[in-house]
Amino acid sequence: MKTNTFLTMQKRLAACVLGVSLCAGPMAGTAAAAETAAAWKRDGDVYQTADGTAIEGVLSRGIDTSYWNQEIDWEQVKADDVDFVMLATRFRGAPDPYFLANAPKAHEAGLKLGAYIYSYATSVEMAQQEADFVLDLIKDYPISYPVAFDAEDNNTLGTLPPDQVSQVINAFCKRIEDAGYYPMVYANEYWLKNKIDLSLLDYDIWVARYNAMYTFENPSMWQATNTGSVNGIKGNVDINFLFTDYGSIIPSDRWRTIGGNTYYYQNHQMQKSDWIHDGTGWFYLDDQGGAVKGWMVRPEGSYYLDEADGRMATGWKELGGSWYYLKDSGLMATGWQQADGAWYYLDQSGRMETGWQEINGSRYHLADSGAMSVGWKELDGAWYYLKPSGAMAAGWQQVNGSWYYLEPSGVMATGWKELDGAWYYLESSGAMAVGWKELDGAWYYFLESGAMATGWQEIGGVRYYMEASGKMAANTVLEDNGVRYQADGNGACTPVVEEEVSLVPPGAENGQDLPGPEGSSLTEPFPG
């Protein structure tokens, strides 16, 4: 990997001294350069080394780039059988300016993106800081391949014993892994054998050995040369071969927590200013990619997103001592809302109402649960009837075949009630009396309309007389149109039959002539 020209020359010189085949680069002469220019490419379905040896198990070919590669034509790179790129993240203590340019362009050209940092860390804390630096840089880009710790600097990391080197590497990799990325360790074979305690590591290895087959067992990636040639890049470029299918290992959709903020990635790209569904629920991400929490107002209405993780709430939610109903879409309900087989009323702020409410000119009663009352309801010792619509009934109301009278206040009437000049009797149940009814030792008759009967009434073929008070007359003689009636103890009235007055004197019963006025006979009818 390139840090700068001077460091690159230093690495090659050191590698030659250590017996690592990095020295097979520009210093090897024109012939070697000509040979490697045609090497590391595909021959049919097989990639080959510089000497034509087949490289077994290769899944794809890639490159790694840094500031030193300068401007790159990524469309040409992609067309020259390059499937992925590992991008340097730091240059002279700041973000590599070509990372910022190359990451989006390489992605648009169809390359998969990974990243690495050339590490100068000599402690766990420094390694964590480097990881934070990388995470803050790469979070806005579609990184779909590993994030690598480049262990090769002899003047910093290389001054530590192997176990401490591994501690530093682990600190970086764990920070990367905890953030939701896939960590990897880059090193040449000398470092892997002598400078790193591999027994303390459990991360994929990206091995570097130039112009000769690697000997490290089962690397995930191999940096085979730093003098490769790829269309679209001026000068030499590092060529890498992949042996691990990261497309099947690294999830494309996932949450990541970076710098204390949580983001969601879809197809490896941070989502912003949009709804996302992570398989467990809906979330809304702001223009910085952060999950919105609490109340959120949008043109279509209000939503509530959980304060803990930003998950969109649905159904009933208690907030600040008030209840709210969030529809399946997450929209806060207002007005009438049916839920779990009952109706509820939410005011314009979304708060669930309880008790008596005047809504659109009608009165409704909402239970403590908020459910709209229907049918009979006893409240504060009085009975009310709420229609199937929930509206409070007033006036006459027929329920289950009986009639009831509800006052304008909605209170069910009982006992005597005068309405429109007629008297009615409402039972203790509120049901309107019809037919005969004994009240306070007197009998009354109520018509089918419920109105109390007065005057003469024919009931069941029998005549009765109901006084002006409605009481049935009994044990008395009454007169109707000149005809006298006898009301018996049950109130039944029958005409009075007048007894004939006998004018026959005593003793004349047998037709015996008795003395009387001259020329008269007492057996004749009485004149007149």
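Fully extended, how many nm does the chain gain between Gln486 and His277 (0.36 nm per residue separation, minus their Cα-Cα distance)?
Going from the current span to full extension adds 66.2 nm.
If R0 is 25 Å, what FRET efficiency do you get for Ala342 and Arg298 from their C-beta distance, rounded to 0.05?
Details: r = 28 Å, r/R0 = 1.12.
For R0 = 25 Å, the calculated efficiency reads 0.35.
What is the distance, in nm, between label points placed 7 Å from the Cα along the Cα-to-Cβ direction at Ser369 and at Glu56?
My value for the distance between the label points is 7.1 nm.
For the range 125-191, take every pair of Cα atoms, bin their distances at 10 Å starting from 0, and report each bin as a whole percent.
Calculated over all Cα pairs of the range 125-191, the distribution is 21, 53, 23, 3 percent.
Among Leu439, Leu200, what's the order by accessible area (1.4 angstrom probe), most exposed first?
Sorted by accessible area, descending: Leu200, Leu439.
Subtract the Cα-Cα distance of Phe243 and Gln129 from 0.36 nm times their separation in residues, and report this length gain in nm to one decimal. Can you show the working numbers first?
Numbers: separation 114, 0.36 × 114 = 41.04 nm, distance 2.99 nm.
Length difference between fully extended and current span is 38.1 nm.
Report the FRET efficiency, 1/(1 + (r/R0)^6), for Gln76 and Leu100, where r is their Cβ-Cβ distance and R0 is 25 Å, rounded to 0.05.
Computed FRET efficiency for Gln76 and Leu100: 0.75.
Using a simple spin-label model with points 7 Å from Cα along the Cα→Cβ vector, what separation in nm is obtained for Thr494 and Lys437?
My value for the distance between the label points is 3.1 nm.
Run the 1.4 Å probe and let me know the accessible area of Lys377, rounded to the nearest 10 Å².
Here the residue's solvent-accessible area equals roughly 60 Å².
Mind checking which aspartates and glutamates have their C-alpha under 16 Å from Lys317, skipping anything on the same chain fewer than 8 residues away?
Output for Lys317: Asp306, Glu307, Asp309, Asp328, Asp340, Asp347, Glu353, Asp368.
Two decimals is fine: what's Rg over Rh for the chain, C-alpha atoms, Kirkwood radius as Rh?
Computed over Cα atoms, the ratio is 1.60.
What is the distance in Å between the Cα centroid of the range 48-72 and that of the range 302-335?
Their Cα centres are 53 Å away from one another.
Taking all protein chains in place and a 1.4 Å probe, what share, in percent, of the accessible surface of the range 44-97 do carbon and sulfur account for?
Roughly 47 percent, rounded to a whole number.
Relative to the longest principal axis of the C-alpha atoms of the chain, give the angle of the C-alpha long axis of helix 162-178, reported between 0 and 90° and rounded to the nearest 10°.
Helix 162-178 sits roughly 30 degrees off the main axis of the chain.
Roughly how large, in nm² to one decimal, is the mean projection of the convex hull of the alpha-carbon atoms in the range 349-409?
4.7 nm²
Provide the per residue accessible area, probe 1.4 Å, for the chain, rounded to a whole number of square angstrom.
Result: 50 Å² of accessible area for each residue.
So how far apart, in nm, are the two label points at Gln397 and Asp136 if each is 7 Å from Cα heading toward Cβ?
My value for the distance between the label points is 6.8 nm.
Roughly how large, in nm² to one decimal, is the mean projection of the convex hull of the alpha-carbon atoms in the range 255-353?
It is 7.2 nm².
Taking the Cα centre as origin and putting +1 on Lys and Arg beta-carbons and -1 on Asp and Glu beta-carbons, what dipole magnitude results for the range 135-238, to the nearest 20 debye?
On the way: 7 positive and 14 negative charges, 51 e Å.
Computed charge dipole of the range 135-238: roughly 240 debye.
Sort the range 286-416 into rounded, prolate or oblate with this rule: let a ≥ b ≥ c be the square roots of the eigenvalues of the Cα gyration tensor; rounded if a/c is under 1.5, and if a/c is not under 1.5, prolate when a/b is larger than b/c, oblate otherwise.
Judged from the Cα gyration tensor, the range 286-416 comes out prolate (a/c at least 1.5, a/b above b/c).
Would you mind checking the tilt of helix 97-109 against the longest principal axis of the Cα atoms of the chain, expressed as 0 to 90 degrees and rounded to 10?
70 degrees
Say R0 is 22 Å: what FRET efficiency, to the nearest 0.05, do Asn231 and Asp45 get from their beta-carbon distance?
Numbers: r = 21 Å, r/R0 = 0.94.
So, using R0 = 22 Å, E works out to roughly 0.60.
Probe radius 1.4 Å, ligands and nucleic acids left out: which of Asp64, Asp80, Asp43 has the largest accessible area, and how do the rest follow?
The most accessible residue leads, giving Asp43, Asp80, Asp64.
Percent of accessible area on the range 184-338 owned by carbon and sulfur, 1.4 Å probe?
42 percent
Helix-only estimate, please: 222 nm mean residue ellipticity of the chain, summing -39500 (n - 2.57) across DSSP H runs of length 4 or more and dividing by its residues, to the nearest 500.
That comes out to -4500 deg cm²/dmol.
Normalized C-alpha radius of gyration of the range 61-128, against 2.2 N^0.38 Å?
Its radius of gyration relative to the 2.2 N^0.38 Å reference: 1.20.
At a Cα cut-off below 19 Å, give the lysines reachable from Lys193, other chains included and same-chain residues fewer than 8 away excluded.
Lys11
I need the per residue convex hull volume for the range 194-342, using only the alpha carbons, in cubic angstrom as a whole number. Please report the intermediate quantities before stating the final value.
Numbers: hull volume 33.8 nm³, N = 149.
Once divided by residue count, the hull of the range 194-342 is 227 Å³.
Which is the longest stretch in the chain that no exposed loop site breaks, taking sites as GluC sites (Glu not before Pro) with a DSSP loop state and at most 15 other Cβ atoms within 10 Å?
With GluC sites (Glu not before Pro) excluded where exposed in loops, the chain gives 72-216 as its longest stretch.
Need the C-alpha centroid separation for the range 152-229 versus the range 381-428, integer Å.
88 Å
So between Asp202 and Lys327, what do we pick up on full extension, going 0.36 nm a residue minus the alpha carbon distance?
The Asp202-Lys327 span can extend by a further 40.3 nm.
Taking the Cα centre of the chain as origin and charging only Cβ (+1 Lys, Arg; -1 Asp, Glu), how large is the dipole, in debye to the nearest 20?
That gives a dipole near 3460 debye.
Filter the cross-link list Lys387/Lys417; Lys78/Lys293; Lys139/Lys327; Lys293/Lys377 down to pairs whose alpha-carbon distance in this structure exceeds 32 Å. List each step's numbers first, then the result.
Numbers: Lys387/Lys417 22 Å; Lys78/Lys293 41 Å; Lys139/Lys327 34 Å; Lys293/Lys377 41 Å.
Beyond 32 Å: Lys78/Lys293; Lys139/Lys327; Lys293/Lys377.
The values are calculated or read from the model by the stated rules, or taken from the named source; none is laboratory data. Keep in mind that this is a model prediction, so the values were computed, not measured. Every residue, glycine among them, receives a Cβ derived from its backbone with ideal geometry; neighbour counts consider all protein chains shown. Remember, those area values only see protein heavy atoms, side chains included, never the ligands or the DNA or RNA. Shrake-Rupley method; radii C 1.70, N 1.55, O 1.52, S 1.80 Å.
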